1. Take the residues in region 191-205 that are small (Gly, Ala, Ser) and under 12 Å from the mean Cα position of the chain (by Cα), then tell me which one is modelled with the highest pLDDT.
2. Scan region 436-495 residue by residue and report those that are closer than 30 Å to residue 514 by Cα and exposed (fewer than 15 other Cβ atoms within 10 Å of the Cβ).
3. Restricting attention to region 702-751, and to residues there that are farther than 16 Å from residue 152 by Cα and of a type in the set (D, E, K, R), which single residue is surrounded by the fewest Cβ atoms within 10 Å (Cβ to Cβ)?
4. Out of 113, 118, which single residue is modelled with pLDDT under 70 and not in a strand (DSSP E or B)?
5. If the requirement is being assigned by TED's automatic domain parsing to the domain that holds residue 391, more than 23 Å from residue 197 (Cα to Cα) and either among the basic types (Lys, Arg) or touching a Lys or Arg at 6+ places or on another chain (Cβ under 6 Å) (or both), which of these qualifies: 471, 427, 461, 423?
6. Farther than 29 Å from residue 742 by Cα, crowded, with 22+ Cβ neighbours inside 10 Å and either among the charged types (D, E, K, R) or modelled with pLDDT of 95 or more (or both), is that true of residue 232?
7. Just to be sure I understand, how many residues within region 159-178 are surrounded by fewer than 23 Cβ atoms within 10 Å (Cβ to Cβ) and touching a helix residue (DSSP H, G or I) at 6+ places or on another chain (Cβ under 6 Å)?
Amino acid sequence: MKNIYLLIVCSLFVLVANAQTGIITGKVVTSEKEAAPGVTVRLNETPFSVVTNDKGIYKIQAPEGHYTLVVSFIGSETRKQEVHINGSRTTDIPTIILKESVAQLNTVVVNGATNKFAHDESDYIAKLPITNLENPQAYTTIPENLMKEQLVVDYKDAFKNLSGSGVPSVANNGRVTISARGFKVRSQIVNGMTGYTMTDIDPANIARIEVIKGPSATLFGSSLTSYGGLVNIVTKQPYDHLGGSASYTAGSWGLNRLTADVNLPLNKEKTALFRTNIASQNEKSSQDAGFIKGTFIAPSFYYQINSRVSVIMDASFYNRDATSPYWLTPFKGTKVRDARDMPLNYDLSFGNNDVSFNARQLNIFAQVNTIISDHWKSSTSFSRTNMDQDGYTLSLNGLTDSTLARVIGAGPINYATMEVQQNFTGNFKLAGMKNRMVLGLDFYQYGDNGTTATLQMDTVNFIHPGSQYGNFNKTLVDLRAAGATYKAIINRQNTYSAYASDVINLTPQLIAMLSLRIDHFQNKGTWNVSKGVTTGKYDQTALSPKFGLVYQLIPDKISLYGNYMNGFENVEGTDFEGRSFKPQQANQWETGIKLDIVRGMLTGTFSYYDILVKDVLRTDPDPTHAGYSVQDGTQRSRGVEVEVVSNPVAGLNIVAGYAYNFSEYVKADDGLKGTRPDGAGPVHTANLWTSYQVYRGKLKGLGIGAGGFYGTQLDNLKGLVGFTVPAYAIVDASLFYDRTKYRLGFKVNNIGDERYWNNRLQLQPSRSFSADITLRF
């Protein structure tokens, strides 16, 4: 691992070269022509940014070229201006006037009135530089500073801030799955490209998590998205000055976590920038056995080649040694009807620390950005993911209402993806109307291979385990694995896509989005190496449209929006007549309102959606067609979502959400019709986090936070008719002291020590404590 890291760092340094740089300088004032201090001034789509001094003056050094200067401040209208940096000269920019008074600006600066958890604008959501109020789609942003305030060291805990997510489930290898709009969603996209991760994700390199709601195949394809939406992780990027931090966290069950974040320019012109994030974490289970040991490294390199071309390269490597999370499937004929009544001793893991696995995840990302003209830009992106896992994973399968079988998954397995994407983005006027357009080509490749076996180890009485409980260790598993029959399997899939999206200002307040994708999917089939047989080969082509309308009732403050969005899923096989199945389709209609009012101190989204999934496979009802399916099933999911982020008074910040989701199989196999799909999550969910920080006086920097999350009960869990998981209401709290050079934090999770489960019947952690210290430079 050290050799890999050294190779990456050396490769980045080799690329460093000098490019001619210049300086721009200017002043920002209020509408009263008074100096505006503390205003952010940046060159769009670059790491170069500064904050105005007490006289409103700014100075930016950057490579020669043409840029968009963006001037922004909470409580004022964002201003944009085209600028040109000429060689090594200093260029004076005309004074920029913000539409805000000095009194209001000073109130914000002095009192700390900043909506620090509000939406960050993102070019990833629509693959275009449009604001949240211009986007006819709902999305949620979970920012880094919110996760820091909550002392998030486990990726799944970030989703406590997402309405509708339910309690995430964790697979045997650590992969996290959430719910969104009644469907399962995995984290498979990083910086808008494939970040296919089949193990845990470390939060150390996350700048923010973007959860885009609803079917999003039009811009992101079907392979990495769900009908409920997608999760895009935005990683930390280099910036143009020396800086960084180091942090140590300790907590319950032997939690020890060390992180470091180091950023530095590699040359005096600041055209080559480097940043790396490192994390090491050890933690035990709250049960009698179980552990996680993880190491994470994520270097990032930015290089401005010349005035028109820049390159960004990221890599991340994660090594995880761990035991499987608690994973229980109840007896199908169980008479138990409530998870609380399961006669299990949850202090027992039924495992052993030497029955573990190792997973290694490597992600590579590179992007070349080229300014073609004043109105068009090219982005060429490449990403590659690779995960290798070997060792043993453990599952517990109920056999009766008092016994379970310990089942081992053995053998190495590899998952790999590659994506190459070319985007051309531009802005122009046509018939007097402003257009912002993206034209894209995309190639995505997925593959997995493994030589695996399933080992039925033994049977244990989980009410009275007795001596059999301890008769389980690596030596016994090794003996069983040595005599097992292994199956070698290889899967390969290719997807070729083209898409276009145009955002048109029909009037200054009325905006339309028109998008279309064509997707050709090739399943190369499953090659059973052991038998020398390939099955399941097929090709399918799908069209995915997307339309949206936005009307700004009050420009830059209140928008009404509506959309039609499509998602699809490729389906293999044929019916009894030999006809190939077509791609399954999901169509969403959504309407809502977005707010960004009270000087930017109140933002929110209120939405209603209706998703209809058609062409779902179900068992052929003809009794003479045993073993075949028909493609006429349907599933519906509809609901309401409310999300509010507010800074009502200086120092007080609130994040709140509520979601209602009604999902059912409309036309399905007997026993499923009218039921709620497994993985849809609770019908009602809510989340809240509120914090107050002192910004003046002797207690400046002292803060307190508290909040929680709620979900109603889950019915018919894991296909068990009548089996329920109870509702939950969990409360957390934190205390912190945040100064310029250091930060101290303390957190209590699950204050009430409540027992609660997710849709995979995984008991969640009881009350726990953690504390951290961060030093900044």
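1. To start, the set of residues in region 191-205 that are small (Gly, Ala, Ser) comprises 192, 195, 204.
Imposing the further condition that a residue be under 12 Å from the mean Cα position of the chain (by Cα) reduces the set to 192, 195.
Working: 192: 94, 195: 91.
Per the stated criteria, the residue is 192.
2. Here is the first cut: in region 436-495, the residues closer than 30 Å to residue 514 by Cα are 436-446, 493-495.
Passing the criteria: 441, 443.
3. So, considering only residues that are farther than 16 Å from residue 152 by Cα and of a type in the set (D, E, K, R), the one surrounded by the fewest Cβ atoms within 10 Å (Cβ to Cβ) is 741.
4. 113
5. Values: 471 fails: either among the basic types (Lys, Arg) or touching a Lys or Arg at 6+ places or on another chain (Cβ under 6 Å) (or both); 461 fails: either among the basic types (Lys, Arg) or touching a Lys or Arg at 6+ places or on another chain (Cβ under 6 Å) (or both); 423 fails: either among the basic types (Lys, Arg) or touching a Lys or Arg at 6+ places or on another chain (Cβ under 6 Å) (or both).
Answer to the check: 427.
6. Numbers: farther than 29 Å from residue 742 by Cα: yes; crowded, with 22+ Cβ neighbours inside 10 Å: yes; either among the charged types (D, E, K, R) or modelled with pLDDT of 95 or more (or both): yes.
Yes.
7. Total satisfying the criteria: 1.
Here is a yes/no grid of residues against (1) of a type outside the set (D, E, K, R); (2) surrounded by 19 or more Cβ atoms within 10 Å (Cβ to Cβ); (3) at pLDDT below 90:
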site	(1), (2), (3)
613	yes, yes, no
625	yes, no, no
629	yes, yes, no
635	yes, yes, no
657	yes, yes, no
675	yes, no, yes
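The values are calculated or read from the model by the stated rules, or taken from the named source; none is laboratory data. This one's a predicted model, so the numbers in the text were calculated from it and none came from an experiment. Every residue, glycine among them, receives a Cβ derived from its backbone with ideal geometry; neighbour counts consider all protein chains shown.
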